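These notes are about the structure you will find just below.
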Amino acid sequence: MALKQINETEFETEVLNGDGKVLVDFYATWCPPCRALAPLLERFAEQNADKVKVYKVDTDADERLAERYGIRTIPTLVLFEGGAEKTRKVNPQSRAALEELVGA
C-alpha cells in the first residue's frame, strides 16, 4: 500500500524532514469527494512511488495540523518539497490533475 495515513507527530518526520516530493491529502472519513478521490490517489501513489511519497491526514483527528496549513475545504492536496509547501489543489478528481500537481 503506497498511501499511508499519518498523524501530527509523523508529519514532522515524514513531510517536513522528508526527502524529495511529498504529497499530503488532507481529508475526512465522512467527506464524499474525499472517498471518491481515494482510489485514484491510491493508484497514483503506487504508480509514482519512485517520484513522490503520498500521505493522508484526517482533518478531524488532526485538527491542529489542518489549521496550521489553512485547510478550509477537503479534500485538499498539498505538495511539499524540502519541508516547504510548493503548491496545493482542492478536490483534484483526475489523474492529469494529480500529475500536474506533482509535476509527474
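Read-outs: derived from the displayed coordinates by stated rules, not from any lab. Everything numeric here is computed off the predicted structure, so don't read it as measured data. Neighbour counts are summed over all protein chains in view; Cβ atoms, including those assigned to glycine, are modelled from backbone coordinates with ideal geometry.
Scanning the stretch 1-48 for residues that are touching a residue at least 60 places away in the same chain (Cβ under 8 Å) and of a type in the set (Gly, Ala, Ser) yields a total of 2. Considering only the stretch 68-81, I want to know if a residue exists there that is among the basic types (Lys, Arg), surrounded by fewer than 15 Cβ atoms within 10 Å (Cβ to Cβ), out of contact with any Ser or Thr (no Cβ under 8 Å at 6 or more places or on another chain) and under 22 Å from GLU12 (Cβ atoms). Looking through the stretch 68-81, at least one residue is among the basic types (Lys, Arg), surrounded by fewer than 15 Cβ atoms within 10 Å (Cβ to Cβ), out of contact with any Ser or Thr (no Cβ under 8 Å at 6 or more places or on another chain) and under 22 Å from GLU12 (Cβ atoms).
Here ASN48, ASN91 are screened, and the one residue that is surrounded by 14 or more Cβ atoms within 10 Å (Cβ to Cβ), polar (S, T, N, Q) and within 16 Å of LYS4 (Cβ to Cβ) is ASN48.
This table checks each residue for (1) in contact with an Asp or Glu (Cβ under 9 Å, 6 or more places away or on another chain); (2) aliphatic (A, V, I, L, M); (3) under 14 Å from LEU3 (Cα atoms).
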site: PRO39; (1), (2), (3): no, no, yes
site: LEU79; (1), (2), (3): yes, yes, no
site: GLU85; (1), (2), (3): no, no, no
site: GLU99; (1), (2), (3): no, no, no
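The criterion of at least 3 residues that are within 12 Å of the chain's Cα centre (by Cα), aliphatic (A, V, I, L, M) and under 14 Å from VAL102 (Cβ atoms) is met by the following strands (runs of 3 or more DSSP E) wholly inside the stretch 1-84: 21-27, 76-81.
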